[in-house]
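J.: Please find one structure pasted underneath; my questions will follow.
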2 protein chains.
Amino acid sequence: MYPASLAKLMDELSRLPGIGPKSAQRIALFMVKRGPGDAQRLAEALLAAATNTKRCRECFSLSEDELCSVCANPSRDRTVICVVEEPRDVLAFERGLSFRGLYHVLGGAISPMDGVGPEQLHLTELLNRLRDSSVNEVILATSSTIEGEATATYIAKLVAPAGVGVSRLATGVPVGGDLDYVDEVTLSRALDGRYRL
Amino acid sequence: MYPASLAKLMDELSRLPGIGPKSAQRIALFMVKRGPGDAQRLAEALLAAATNTKRCRECFSLSEDELCSVCANPSRDRTVICVVEEPRDVLAFERGLSFRGLYHVLGGAISPMDGVGPEQLHLTELLNRLRDSSVNEVILATSSTIEGEATATYIAKLVAPAGVGVSRLATGVPVGGDLDYVDEVTLSRALDGRYRL
(Lines give C-alpha, C1' and ligand atoms only; values in the text may rest on other atoms or scores of the structure.)
Protein backbone atom coordinates (compact mmCIF):
# COMPACT_ATOMS: atom_id res chain seq x y z
CA MET A 1 0.00 0.00 0.00
CA TYR A 2 2.97 2.29 0.63
CA PRO A 3 5.47 3.20 -2.13
CA ALA A 4 8.06 0.43 -2.54
CA SER A 5 11.11 2.18 -1.07
CA LEU A 6 9.10 3.34 1.95
CA ALA A 7 7.76 -0.19 2.53
CA LYS A 8 11.34 -1.50 2.27
CA LEU A 9 12.54 0.99 4.90
CA MET A 10 9.70 -0.02 7.25
CA ASP A 11 10.67 -3.65 6.76
CA GLU A 12 14.33 -2.93 7.57
CA LEU A 13 13.41 -0.83 10.61
CA SER A 14 11.09 -3.49 12.02
CA ARG A 15 14.07 -5.90 12.24
CA LEU A 16 15.66 -3.67 14.87
CA PRO A 17 15.24 -4.71 18.51
CA GLY A 18 12.21 -3.18 20.21
CA ILE A 19 10.79 -1.78 16.95
CA GLY A 20 7.42 -3.24 15.96
CA PRO A 21 5.55 -2.57 12.70
CA LYS A 22 3.81 0.50 14.15
CA SER A 23 7.05 2.14 15.36
CA ALA A 24 8.75 1.25 12.05
CA GLN A 25 5.94 3.01 10.15
CA ARG A 26 6.16 6.05 12.42
CA ILE A 27 9.94 6.35 12.06
CA ALA A 28 9.87 5.80 8.27
CA LEU A 29 7.19 8.47 7.76
CA PHE A 30 9.15 10.82 10.02
CA MET A 31 12.31 10.31 7.95
CA VAL A 32 10.41 10.91 4.69
CA LYS A 33 8.88 14.06 6.12
CA ARG A 34 12.30 15.34 7.26
CA GLY A 35 13.79 14.70 3.83
CA PRO A 36 17.09 13.40 2.41
CA GLY A 37 19.36 15.59 4.58
CA ASP A 38 18.35 13.94 7.85
CA ALA A 39 18.31 10.48 6.24
CA GLN A 40 21.85 11.07 4.97
CA ARG A 41 23.04 12.05 8.45
CA LEU A 42 21.53 8.95 10.06
CA ALA A 43 22.83 6.70 7.26
CA GLU A 44 26.36 8.07 7.71
CA ALA A 45 26.21 7.65 11.49
CA LEU A 46 25.08 4.03 11.01
CA LEU A 47 27.90 3.20 8.63
CA ALA A 48 30.55 5.01 10.68
CA ALA A 49 29.52 3.23 13.89
CA ALA A 50 29.34 -0.20 12.28
CA THR A 51 32.66 0.26 10.48
CA ASN A 52 34.74 2.00 13.17
CA THR A 53 33.61 0.15 16.28
CA LYS A 54 35.93 -2.74 17.04
CA ARG A 55 36.64 -4.85 20.09
CA CYS A 56 39.37 -3.92 22.56
CA ARG A 57 42.12 -6.53 22.07
CA GLU A 58 42.57 -6.80 25.83
CA CYS A 59 39.04 -6.86 27.32
CA PHE A 60 36.72 -7.18 24.25
CA SER A 61 34.76 -4.10 25.20
CA LEU A 62 33.83 -1.76 22.32
CA SER A 63 36.50 0.61 21.10
CA GLU A 64 37.63 2.49 18.01
CA ASP A 65 41.27 1.87 18.90
CA GLU A 66 43.27 -1.26 19.65
CA LEU A 67 42.75 -0.67 23.37
CA CYS A 68 39.53 0.69 24.91
CA SER A 69 39.56 3.83 27.06
CA VAL A 70 39.52 1.75 30.26
CA CYS A 71 42.40 -0.57 29.31
CA ALA A 72 44.40 2.39 27.96
CA ASN A 73 43.92 4.44 31.13
CA PRO A 74 47.10 4.19 33.25
CA SER A 75 45.27 5.21 36.43
CA ARG A 76 42.97 2.15 36.50
CA ASP A 77 43.60 -0.54 39.10
CA ARG A 78 45.15 -3.47 37.18
CA THR A 79 44.80 -5.93 40.06
CA VAL A 80 41.02 -6.41 39.66
CA ILE A 81 39.12 -7.69 36.61
CA CYS A 82 35.35 -7.41 36.50
CA VAL A 83 33.93 -10.12 34.18
CA VAL A 84 30.69 -9.11 32.39
CA GLU A 85 28.54 -10.60 29.62
CA GLU A 86 28.14 -7.70 27.18
CA PRO A 87 29.71 -4.30 26.37
CA ARG A 88 26.61 -2.54 27.72
CA ASP A 89 27.39 -3.98 31.17
CA VAL A 90 30.70 -2.11 31.11
CA LEU A 91 28.75 1.10 30.59
CA ALA A 92 26.45 0.26 33.51
CA PHE A 93 29.50 0.07 35.82
CA GLU A 94 31.18 3.12 34.29
CA ARG A 95 28.05 5.23 34.90
CA GLY A 96 28.49 4.49 38.61
CA LEU A 97 32.11 5.73 38.64
CA SER A 98 32.86 3.62 41.73
CA PHE A 99 34.73 0.76 40.06
CA ARG A 100 38.34 1.58 39.19
CA GLY A 101 39.56 -1.83 37.96
CA LEU A 102 39.56 -3.41 34.49
CA TYR A 103 36.85 -5.36 32.65
CA HIS A 104 36.60 -8.54 30.63
CA VAL A 105 33.65 -8.88 28.27
CA LEU A 106 32.67 -12.52 27.68
CA GLY A 107 30.43 -11.84 24.70
CA GLY A 108 27.42 -13.62 26.23
CA ALA A 109 26.63 -16.27 28.81
CA ILE A 110 26.67 -20.07 28.64
CA SER A 111 23.24 -21.09 27.32
CA PRO A 112 22.80 -24.63 25.92
CA MET A 113 19.27 -23.65 24.82
CA ASP A 114 20.73 -20.98 22.48
CA GLY A 115 23.68 -23.15 21.50
CA VAL A 116 26.19 -20.97 23.38
CA GLY A 117 28.89 -23.07 25.02
CA PRO A 118 32.03 -21.96 26.97
CA GLU A 119 34.08 -22.11 23.74
CA GLN A 120 32.04 -19.24 22.25
CA LEU A 121 32.98 -16.93 25.15
CA HIS A 122 36.27 -15.08 25.57
CA LEU A 123 37.47 -17.45 28.31
CA THR A 124 40.86 -18.47 26.95
CA GLU A 125 41.69 -14.77 26.72
CA LEU A 126 40.59 -14.30 30.35
CA LEU A 127 42.91 -17.13 31.47
CA ASN A 128 45.76 -15.56 29.47
CA ARG A 129 45.19 -12.23 31.20
CA LEU A 130 45.30 -13.94 34.61
CA ARG A 131 48.51 -15.75 33.67
CA ASP A 132 50.38 -12.71 32.36
CA SER A 133 49.37 -9.98 34.75
CA SER A 134 49.30 -8.91 38.34
CA VAL A 135 45.58 -9.58 38.79
CA ASN A 136 44.64 -10.73 42.27
CA GLU A 137 40.82 -10.62 42.08
CA VAL A 138 38.23 -11.60 39.52
CA ILE A 139 34.74 -10.21 40.14
CA LEU A 140 32.06 -12.29 38.38
CA ALA A 141 29.46 -9.74 37.33
CA THR A 142 27.39 -11.88 34.96
CA SER A 143 23.61 -11.43 35.15
CA SER A 144 21.54 -12.84 37.96
CA THR A 145 19.78 -15.17 35.48
CA ILE A 146 20.08 -18.97 35.18
CA GLU A 147 22.57 -18.51 32.31
CA GLY A 148 24.51 -15.82 34.17
CA GLU A 149 24.72 -17.91 37.34
CA ALA A 150 25.82 -21.00 35.37
CA THR A 151 28.48 -18.94 33.62
CA ALA A 152 29.73 -17.53 36.94
CA THR A 153 29.95 -21.03 38.46
CA TYR A 154 31.80 -22.30 35.37
CA ILE A 155 34.32 -19.44 35.41
CA ALA A 156 34.86 -19.75 39.18
CA LYS A 157 36.01 -23.37 38.65
CA LEU A 158 37.99 -22.46 35.52
CA VAL A 159 40.07 -19.73 37.13
CA ALA A 160 40.59 -21.55 40.45
CA PRO A 161 43.99 -23.04 39.39
CA ALA A 162 45.26 -19.52 38.62
CA GLY A 163 45.15 -18.85 42.36
CA VAL A 164 43.40 -15.44 42.21
CA GLY A 165 40.54 -14.41 44.47
CA VAL A 166 37.10 -14.88 42.89
CA SER A 167 34.02 -12.97 43.99
CA ARG A 168 30.42 -12.59 42.81
CA LEU A 169 28.16 -9.50 42.88
CA ALA A 170 25.84 -9.46 45.90
CA THR A 171 22.21 -10.44 45.34
CA GLY A 172 19.55 -8.61 47.33
CA VAL A 173 16.94 -5.91 47.55
CA PRO A 174 17.62 -3.02 45.10
CA VAL A 175 18.25 0.39 46.70
CA GLY A 176 14.93 2.23 46.91
CA GLY A 177 13.12 -1.08 46.35
CA ASP A 178 9.82 -1.55 48.15
CA LEU A 179 9.85 -4.98 49.85
CA ASP A 180 6.31 -5.53 48.67
CA TYR A 181 7.50 -5.48 45.05
CA VAL A 182 10.57 -7.67 45.53
CA ASP A 183 10.06 -11.27 44.36
CA GLU A 184 10.37 -14.07 46.94
CA VAL A 185 13.59 -15.57 45.51
CA THR A 186 15.38 -12.21 45.73
CA LEU A 187 14.03 -11.68 49.24
CA SER A 188 15.18 -15.11 50.35
CA ARG A 189 18.66 -14.42 48.87
CA ALA A 190 18.74 -11.04 50.60
CA LEU A 191 17.89 -12.76 53.90
CA ASP A 192 20.65 -15.38 53.36
CA GLY A 193 23.13 -12.61 52.62
CA ARG A 194 22.17 -10.37 55.58
CA TYR A 195 25.02 -8.60 57.37
CA ARG A 196 25.46 -7.61 61.01
CA LEU A 197 25.26 -3.98 61.95
CA MET B 1 31.97 6.53 27.72
CA TYR B 2 31.21 4.83 24.40
CA PRO B 3 33.49 5.14 21.35
CA ALA B 4 32.77 8.39 19.48
CA SER B 5 31.06 6.99 16.36
CA LEU B 6 28.83 4.75 18.49
CA ALA B 7 27.87 7.67 20.75
CA LYS B 8 27.07 9.71 17.61
CA LEU B 9 24.81 6.93 16.27
CA MET B 10 22.97 6.74 19.61
CA ASP B 11 22.50 10.51 19.51
CA GLU B 12 21.08 10.37 15.96
CA LEU B 13 18.80 7.43 16.81
CA SER B 14 17.40 9.13 19.90
CA ARG B 15 16.07 11.97 17.70
CA LEU B 16 13.65 9.52 16.06
CA PRO B 17 10.05 9.53 17.31
CA GLY B 18 9.39 7.04 20.11
CA ILE B 19 13.11 6.24 20.57
CA GLY B 20 14.48 7.16 23.99
CA PRO B 21 18.14 6.98 25.10
CA LYS B 22 17.75 3.35 26.24
CA SER B 23 16.24 2.15 22.93
CA ALA B 24 18.84 4.16 21.00
CA GLN B 25 21.61 2.40 22.92
CA ARG B 26 20.03 -1.01 22.34
CA ILE B 27 19.63 -0.44 18.58
CA ALA B 28 23.14 1.01 18.18
CA LEU B 29 24.74 -1.94 20.01
CA PHE B 30 22.65 -4.33 17.91
CA MET B 31 23.84 -2.67 14.66
CA VAL B 32 27.48 -2.81 15.80
CA LYS B 33 27.09 -6.49 16.71
CA ARG B 34 25.53 -7.29 13.32
CA GLY B 35 28.36 -5.56 11.48
CA PRO B 36 28.74 -3.27 8.45
CA GLY B 37 26.61 -5.42 6.07
CA ASP B 38 23.38 -4.86 7.98
CA ALA B 39 24.23 -1.20 8.62
CA GLN B 40 24.81 -0.73 4.89
CA ARG B 41 21.41 -2.26 4.05
CA LEU B 42 19.58 -0.03 6.53
CA ALA B 43 21.51 3.05 5.39
CA GLU B 44 20.61 2.37 1.75
CA ALA B 45 16.93 1.80 2.62
CA LEU B 46 16.91 5.12 4.50
CA LEU B 47 18.41 7.08 1.62
CA ALA B 48 16.24 5.39 -1.01
CA ALA B 49 13.03 6.07 0.92
CA ALA B 50 13.92 9.70 1.69
CA THR B 51 15.01 10.36 -1.90
CA ASN B 52 12.36 8.45 -3.87
CA THR B 53 9.25 9.20 -1.85
CA LYS B 54 7.42 12.21 -3.23
CA ARG B 55 3.91 13.60 -2.90
CA CYS B 56 1.15 12.61 -5.34
CA ARG B 57 0.46 15.74 -7.42
CA GLU B 58 -3.29 15.11 -7.14
CA CYS B 59 -3.95 14.11 -3.51
CA PHE B 60 -0.57 14.74 -1.73
CA SER B 61 -0.39 11.20 -0.44
CA LEU B 62 3.06 9.54 -0.59
CA SER B 63 4.13 8.13 -3.93
CA GLU B 64 7.22 7.36 -5.98
CA ASP B 65 5.44 8.44 -9.16
CA GLU B 66 3.62 11.59 -10.19
CA LEU B 67 0.32 9.99 -9.20
CA CYS B 68 -0.15 7.68 -6.22
CA SER B 69 -1.55 4.16 -6.65
CA VAL B 70 -5.03 5.29 -5.58
CA CYS B 71 -5.25 8.30 -7.92
CA ALA B 72 -3.77 6.22 -10.78
CA ASN B 73 -6.26 3.37 -10.28
CA PRO B 74 -9.06 3.70 -12.90
CA SER B 75 -11.45 1.54 -10.85
CA ARG B 76 -11.65 3.98 -7.90
CA ASP B 77 -14.83 5.98 -7.40
CA ARG B 78 -13.97 9.53 -8.53
CA THR B 79 -17.13 11.07 -7.08
CA VAL B 80 -16.02 10.87 -3.42
CA ILE B 81 -12.99 12.51 -1.80
CA CYS B 82 -11.98 11.54 1.71
CA VAL B 83 -10.04 14.42 3.33
CA VAL B 84 -7.40 13.31 5.87
CA GLU B 85 -4.62 15.00 7.81
CA GLU B 86 -1.59 12.81 7.10
CA PRO B 87 -0.43 10.12 4.62
CA ARG B 88 -0.66 7.49 7.40
CA ASP B 89 -4.42 8.11 7.58
CA VAL B 90 -4.71 7.01 3.94
CA LEU B 91 -3.10 3.72 4.94
CA ALA B 92 -5.54 3.31 7.83
CA PHE B 93 -8.45 3.51 5.35
CA GLU B 94 -6.72 1.33 2.74
CA ARG B 95 -6.18 -1.42 5.32
CA GLY B 96 -9.95 -1.63 5.71
CA LEU B 97 -10.52 -2.08 1.94
CA SER B 98 -14.07 -0.76 2.28
CA PHE B 99 -13.50 2.77 0.92
CA ARG B 100 -13.28 2.91 -2.88
CA GLY B 101 -13.09 6.68 -3.44
CA LEU B 102 -10.14 9.08 -3.63
CA TYR B 103 -8.22 10.88 -0.88
CA HIS B 104 -6.92 14.36 -0.22
CA VAL B 105 -4.09 14.72 2.30
CA LEU B 106 -4.07 18.12 4.02
CA GLY B 107 -0.60 17.79 5.50
CA GLY B 108 -1.76 18.52 9.05
CA ALA B 109 -4.59 20.20 10.91
CA ILE B 110 -5.24 23.84 11.76
CA SER B 111 -3.47 24.49 15.06
CA PRO B 112 -2.77 28.10 16.11
CA MET B 113 -0.72 26.75 19.05
CA ASP B 114 1.74 25.12 16.63
CA GLY B 115 1.54 28.00 14.16
CA VAL B 116 -0.35 25.97 11.54
CA GLY B 117 -2.97 28.05 9.75
CA PRO B 118 -5.26 27.14 6.83
CA GLU B 119 -2.69 28.50 4.36
CA GLN B 120 -0.20 25.75 5.36
CA LEU B 121 -2.67 23.02 4.39
CA HIS B 122 -3.42 21.81 0.83
CA LEU B 123 -6.80 23.57 0.74
CA THR B 124 -6.48 25.55 -2.51
CA GLU B 125 -5.66 22.26 -4.24
CA LEU B 126 -8.77 20.67 -2.67
CA LEU B 127 -10.95 23.50 -4.01
CA ASN B 128 -9.35 23.09 -7.46
CA ARG B 129 -10.16 19.37 -7.43
CA LEU B 130 -13.77 20.15 -6.54
CA ARG B 131 -14.02 22.73 -9.34
CA ASP B 132 -12.55 20.57 -12.08
CA SER B 133 -13.99 17.18 -11.35
CA SER B 134 -17.17 15.21 -10.95
CA VAL B 135 -16.90 15.01 -7.16
CA ASN B 136 -20.24 15.00 -5.38
CA GLU B 137 -19.19 14.20 -1.80
CA VAL B 138 -16.37 15.28 0.49
CA ILE B 139 -15.89 13.13 3.60
CA LEU B 140 -14.08 15.04 6.36
CA ALA B 141 -11.96 12.40 8.05
CA THR B 142 -9.70 14.62 10.14
CA SER B 143 -8.93 13.40 13.67
CA SER B 144 -11.44 13.62 16.46
CA THR B 145 -9.18 16.10 18.30
CA ILE B 146 -9.78 19.81 18.88
CA GLU B 147 -7.51 20.62 15.91
CA GLY B 148 -9.14 17.98 13.71
CA GLU B 149 -12.65 19.19 14.57
CA ALA B 150 -11.68 22.82 13.93
CA THR B 151 -10.16 21.86 10.58
CA ALA B 152 -13.30 19.91 9.61
CA THR B 153 -15.53 22.87 10.50
CA TYR B 154 -13.28 25.23 8.54
CA ILE B 155 -13.29 23.01 5.43
CA ALA B 156 -17.05 22.44 5.62
CA LYS B 157 -17.56 26.21 5.34
CA LEU B 158 -14.85 26.57 2.69
CA VAL B 159 -16.27 23.98 0.31
CA ALA B 160 -19.93 24.94 0.82
CA PRO B 161 -19.98 27.28 -2.26
CA ALA B 162 -18.80 24.39 -4.46
CA GLY B 163 -22.16 22.75 -3.87
CA VAL B 164 -20.91 19.25 -3.05
CA GLY B 165 -22.20 17.09 -0.19
CA VAL B 166 -20.02 17.28 2.94
CA SER B 167 -19.97 14.60 5.61
CA ARG B 168 -17.98 13.85 8.74
CA LEU B 169 -16.89 10.48 10.17
CA ALA B 170 -19.22 9.19 12.89
CA THR B 171 -18.08 9.57 16.51
CA GLY B 172 -18.98 6.82 18.96
CA VAL B 173 -18.02 3.70 20.84
CA PRO B 174 -15.25 1.72 19.04
CA VAL B 175 -16.18 -1.78 17.90
CA GLY B 176 -15.28 -4.23 20.66
CA GLY B 177 -15.01 -1.30 23.10
CA ASP B 178 -16.04 -1.97 26.68
CA LEU B 179 -18.40 0.85 27.78
CA ASP B 180 -16.60 0.98 31.10
CA TYR B 181 -13.39 2.10 29.33
CA VAL B 182 -15.02 4.64 26.99
CA ASP B 183 -14.57 8.25 28.14
CA GLU B 184 -17.66 10.31 28.98
CA VAL B 185 -17.38 12.71 26.02
CA THR B 186 -17.29 9.82 23.53
CA LEU B 187 -20.19 8.15 25.31
CA SER B 188 -22.25 11.34 25.24
CA ARG B 189 -21.47 11.76 21.50
CA ALA B 190 -22.44 8.12 20.88
CA LEU B 191 -25.73 8.73 22.67
CA ASP B 192 -26.42 11.88 20.60
CA GLY B 193 -25.68 9.94 17.43
CA ARG B 194 -27.82 6.90 18.29
CA TYR B 195 -29.75 5.33 15.43
CA ARG B 196 -33.11 3.54 15.40
CA LEU B 197 -33.17 -0.22 14.87
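J.: Taking only protein heavy atoms and a 1.4 Å probe, what accessible area per residue, in Å², does the range B:62-196 have with all protein chains in place?
T.: Spelled out: the 1.4 Å probe surface of the range B:62-196, per residue, equals 59 Å².
J.: Can you tell me what share of the DSSP beta bridges in the range A:9-138 is antiparallel? A percent to the nearest 5 is fine.
T.: 35
J.: If we count every other residue with Cβ under 15 angstrom of B:VAL173's Cβ, Lys/Arg +1 and Asp/Glu -1, where does the sum land?
T.: -3
J.: Something else about it: Shortest first and in nm to one decimal, what separations exist between A:GLU137 and its copies in the other chains, measuring from label points 7 Å along the Cα-to-beta-carbon line?
T.: 7.7
J.: Take the eigenvalues of the Cα gyration tensor for chain A, scale each by 5, and report the square roots as semi-axes in whole Å, largest first.
T.: With the √(5λ) rule applied to chain A, the semi-axes are 38, 24, 17 Å.
J.: So which of A:LYS22/B:LYS33; A:LYS33/B:LYS8; A:LYS8/B:LYS8; A:LYS8/B:LYS22; A:LYS33/A:LYS54 end up more than 30 Å apart by C-alpha?
T.: Working: A:LYS22/B:LYS33 24 Å; A:LYS33/B:LYS8 22 Å; A:LYS8/B:LYS8 25 Å; A:LYS8/B:LYS22 25 Å; A:LYS33/A:LYS54 34 Å.
Checking Cα-Cα distances, A:LYS33/A:LYS54 exceed 30 Å.
J.: Take the Cα pairs of the protein assembly as shown, get the Kirkwood Rh, then feed it into Stokes-Einstein at 25 °C and 0.890 mPa s and tell me D in µm²/s.
T.: Translational diffusion coefficient: 95 µm²/s.
J.: Hey, another quick one. Run the label-point distances for A:ALA150 please: 7 Å along Cα to Cβ, every other copy, nanometres, shortest first.
T.: Relative to the other copies, A:ALA150 has label-point distances of 6.0 nm.
J.: Next question, about the same structure. Which of B:LEU140, B:GLY37, B:ALA92 sits closest to the plus end of the dipole of the range B:1-156, meaning its Cα is farthest towards the positive end, when Lys and Arg get +1 and Asp and Glu get -1 on the C-beta?
T.: Ranked along the dipole, the leading option is B:GLY37.
J.: To continue, here is another question. Starting at the first residue of the range B:68-76, write each ³J(HN,Hα) from the Karplus equation 6.51 cos²θ - 1.76 cosθ + 1.60 with θ = phi - 60°, in whole Hz, x for Gly and Pro.
T.: Values per residue, Gly and Pro as x: 6, 5, 6, 4, 7, 7, x, 8, 7 Hz.
J.: Still on this structure: From the residues A:ASN128, A:HIS104, A:GLN25, which one has its Cα farthest along the dipole of the protein assembly as shown in the positive direction, the dipole being from +1 and -1 charges on Cβ of Lys/Arg and Asp/Glu about the Cα centre?
T.: The listed residue farthest towards the positive side: A:ASN128.
J.: How big is the dipole moment of chain B about its Cα centre under a simple scheme where the beta carbon of each Lys and Arg is +1, that of each Asp and Glu is -1, and everything else is neutral? Debye, nearest 20, please.
T.: 400
J.: Can you run phi through the Karplus equation (6.51, -1.76, 1.60; θ = phi - 60°) for the range A:156-170 and list ³J(HN,Hα) in whole Hz, with x for Gly and Pro?
T.: 4, 5, 5, 8, 3, x, 5, x, 9, x, 10, 10, 10, 4, 5
J.: Once the label point is set 7 Å along the Cα-to-beta-carbon vector, what list of distances in nm do you get between A:SER111 and its counterparts in the other copies?
T.: Label point to label point, same position, other copies: 4.0 nm.
J.: Which percentage, to the nearest 5, of the DSSP beta bridges contained in the range B:62-196 is antiparallel? Let's see the in-between values first.
T.: Numbers: 1 of 13 bridges.
So the antiparallel bridges amount to about 10 percent of the total.
J.: Tell me the trypsin sites (Lys or Arg not before Pro) within the range B:1-67 that lie in a loop according to DSSP and have at most 13 other beta-carbon atoms within 10 Å.
T.: In loop regions of the range B:1-67 (DSSP not H, G, I, E or B), the sparsely surrounded trypsin sites (Lys or Arg not before Pro) are B:ARG15, B:ARG57.
J.: Moving to a separate point now. Based on the Cβ-Cβ distance from A:VAL182 to B:SER167, what FRET efficiency comes out when R0 is 56 Å, to the nearest 0.05?
T.: 0.50
J.: What are the ³J(HN,Hα) couplings of the range A:53-61, residue after residue, when phi is run through the Karplus curve with 6.51, -1.76, 1.60 and θ = phi - 60°? Round to Hz, x for glycine and proline.
T.: Listing the rounded values in order: 7, 10, 9, 4, 6, 8, 10, 6, 6 Hz.
J.: Which angle from 0 to 90°, rounded to the nearest 10, does the C-alpha axis of helix A:123-132 make with the longest principal axis of chain A?
T.: Helix A:123-132 and the main axis of chain A meet at about 50 degrees.
J.: At 222 nm, what value in deg cm²/dmol follows for chain A if DSSP H runs of at least 4 each add -39500 (n - 2.57) and the sum is divided by all its residues, to the nearest 500?
T.: On the way: 7 runs with 84 residues, N = 197.
Theoretical 222 nm ellipticity from helices: -13000 deg cm²/dmol.
J.: Give the chain A residue with the shortest beta-carbon distance to the rotation axis relating chain A to chain B, plus that distance as a whole number of Å.
T.: Nearest-to-axis residue on chain A, with distance in whole Å, is A:ALA43, 2.
J.: In what sequence, largest accessible area first, do A:GLU12, A:GLU58, A:GLU119 appear using a 1.4 Å probe?
T.: A:GLU119, A:GLU58, A:GLU12
J.: Using modelled amide H (1.01 Å from N, peptide plane; none on Pro or chain starts), what sits under 5 Å from the amide H of A:ILE139, excluding residues fewer than 5 places away?
T.: Long-range HN contacts for A:ILE139: A:ILE81, A:CYS82, A:VAL83, A:SER167.
J.: To continue, here is another question. Taking amide H positions as placed in the peptide plane 1.01 Å from N, state which residues far from B:VAL116 in sequence (5 or more) or on other chains have amide H under 5 Å from it.
T.: B:SER111
J.: Could you work out how far apart the two model spin labels at A:GLU94 and A:THR124 are, taking each label as a point 7 Å from the Cα in the direction of the beta carbon, and quote it in nm?
T.: Going from the A:GLU94 label point to the A:THR124 one covers 2.7 nm.
J.: While we're on this one: Going by the alpha-carbon gyration tensor, a ≥ b ≥ c the square roots of its eigenvalues, is the range A:4-52 rounded (a/c under 1.5) or, if a/c is not under 1.5, prolate (a/b greater than b/c) versus oblate?
T.: Values: a/c = 2.10, a/b = 1.25, b/c = 1.68.
Taking the square roots of the gyration eigenvalues as a ≥ b ≥ c, the range A:4-52 is oblate.
The values are calculated or read from the model by the stated rules, or taken from the named source; none is laboratory data. Quick caveat, the model's predicted, so the values are computed rather than measured. Quick reminder, even Gly has a Cβ in these numbers, built from the backbone with ideal geometry, and neighbours come from all protein chains shown. Heads up: the accessible areas ignore ligands, DNA and RNA and are worked out on the full protein's heavy atoms, side chains in. Shrake-Rupley method; radii C 1.70, N 1.55, O 1.52, S 1.80 Å.
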